[in-house]
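To start, the structure itself, in structure tokens.
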Amino acid sequence: MGTLCKTSLLIAYESFLEWKKDYRIWIVFALTGIILIRYLYGIDLYGFQYHTKVTPFLLPLLFTDSDVANGLVKMLLLLGCICLFSNAPFSSEIARYQLIRSGKRAWRMGKSLYIWAASFVYIGFIALFAGLFVLPTAATNDLWGSTLKDWLTDRTAWWPYADQLVIPFDVIRTLRPAGAQLLTFFSAGLTVCILGHLIYLVNLLTLSRFWGVGCATMLVMIDPVIHYFAYTWLQRWMYIFNPISWCSIELWSVVGSGKPLVGRNVMAADLMILFLLNVGIELVWRRERTMNIIFEE
């Protein structure tokens with residue numbers, strides 16, 4: 001068992017080493033940075049003009065749920081993670097060598113560990129980039145800052161500066177930024193991990209890289225549509241069946257008793273989905289023809 005875990009960790013580590021020569025990864029992170037600049041530059045602009053400050057913990061703002069009309073930053077960031085895992089099950093020049101030396105089980109576990117680690121690296125990059133981008137106007141205390149306070153008291157104030165950024169006012173009123181950041185980091189990381197494993201499983205089932213990406217993209221694209229229809233109280237039950245909505249903590253009961261989601265249930269459901277996806281991957285890997293997708297040209 002110890003050798004299996006060690007080999008799996010080594011395979012996951014070698015997957016990260018392949019990022020150096022994978023231009024697709026560099027493009028994903030570059031475009032993610034451009035998206036963050038596009039949505040956050042108004043915060044700095046407002047801070048410079050009115051001498052206000054803002055917290056550097058901005059993940060709750062970036063993963064706020066929104067409909068198809070505006071605030072699609074969450075959807076764009078999740079589409080970026082789909083590009084990150086679009087080559088699942090991660091064939092490469094050394095895949096045949098790794099598989100022969102380590103065995104199918106260790107190789108599968110290593111790639112699963114890679115998805116877990118890469119998911120939180122991606123969310124960590126978003127959190128770090130956003131924090132550094134607003135650093136010139138960042139607040140030094142554990143408060144949301146006067147920029148968001150101004151926008152909280154006057155909801156029309158931010159439109160000329162961040163018209164496409166949806167502000168989670170319930171989160172700002174209820175939680176401290178560090179706590180909200182931590183909750184969003186783990187919930188968004190699990191969401192990205194689910195998308196990565198979904199792509200992995202569907203690609204193995206179909207022996208094609210098309211259907212996994214298609215299923216994950218459809219799941220992400222449905223999120224703003226569900227938000228549009230679930231905006232009223234009568235339809236809020238729809239959020240329960242949409243895993244992409246779960247990483248938006250303004251829908252959690254921790255910020256209000258009338259919210260449709262319970263945080264601990266969300267985390268438990270995320271882990272259960274990941275468990276089922278991993279069981280599916282294990283079962284599919286037992287098919288002999290599954291090997292074909294890894295060694296296709």
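The values are calculated or read from the model by the stated rules, or taken from the named source; none is laboratory data. Just so we're clear, the structure is a prediction, and the values are computed from it rather than from any experiment. Backbone-built Cβ (ideal geometry, glycine too); neighbour counts: all protein chains shown.
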Within the stretch 194-223, residues being crowded, with 16+ Cβ neighbours inside 10 Å, closer than 20 Å to Leu76 by Cα and in contact with a Leu (Cβ under 9 Å, 6 or more places away or on another chain) number 12
Subset of the stretch 170-200 (residues that are in contact (Cβ under 8 Å) with a residue 24 or more places away in the chain and closer than 30 Å to Gln49 by Cα):
Asp170, Val171, Ile172, Arg173, Thr174, Leu175, Arg176, Pro177, Ala178, Ala180, Gln181, Thr184
Is it the case that Leu205 is closer than 22 Å to Ile126 by Cβ and either among the aliphatic types (A, V, I, L, M) or modelled with pLDDT under 80 (or both)?
no
I'd like to check something: does the stretch 174-183 contain any residue that is hydrophobic (A, V, I, L, M, F, W, C) and closer than 18 Å to Tyr46 by Cβ?
no
Residue under evaluation Gln98, criteria (1) over 16 Å from the mean Cα position of the chain (by Cα); (2) modelled with pLDDT of 85 or more; (3) assigned to a helix (DSSP H, G or I), criterion not met
(2)
Taking the residues in the stretch 199-224 that are among the polar types (S, T, N, Q) and assigned to a helix (DSSP H, G or I) as candidates, determine which candidate is farthest from Leu274 (Cα to Cα).
Thr206
Can you give me the number of residues within the stretch 237-282 that are closer than 30 Å to Arg108 by Cα and either among the polar types (S, T, N, Q) or in contact (Cβ under 8 Å) with a residue 60 or more places away in the chain (or both)?
16
Of the numbered conditions (1) within 30 Å of Trp19 (Cβ to Cβ); (2) buried (at least 17 other Cβ atoms within 10 Å of the Cβ); (3) in contact with a Pro (Cβ under 8 Å, 6 or more places away or on another chain), Ala139 fails exactly one; give the number of that condition.
(1)
With Val28, Val73, Val54 as the choices, which residue is within 30 Å of Val284 (Cα to Cα) and of a type in the set (Val, Ile, Thr)?
Val28
Scan the stretch 33-52 residue by residue and report those that are surrounded by fewer than 17 Cβ atoms within 10 Å (Cβ to Cβ) and either among the charged types (D, E, K, R) or under 22 Å from the mean Cα position of the chain (by Cα) (or both).
Gly33, Ile34, Ile37, Arg38, Tyr41
Can you tell me which residues in the stretch 139-198 are assigned to a helix (DSSP H, G or I), more than 30 Å from Ile281 (Cβ to Cβ), modelled with pLDDT of 85 or more and among the aliphatic types (A, V, I, L, M)?
Val171, Ile172, Ala178, Ala180
Among (1) surrounded by fewer than 15 Cβ atoms within 10 Å (Cβ to Cβ); (2) touching a residue at least 24 places away in the same chain (Cβ under 8 Å); (3) under 28 Å from Trp246 (Cα atoms) - the single one Ala30 does not satisfy:
(2)
Within the stretch 208-232, the residues that are without any contact (Cβ under 8 Å) to a residue 24 or more places away in the chain and among the hydroxyl-bearing types (Ser, Thr, Tyr) are Thr232
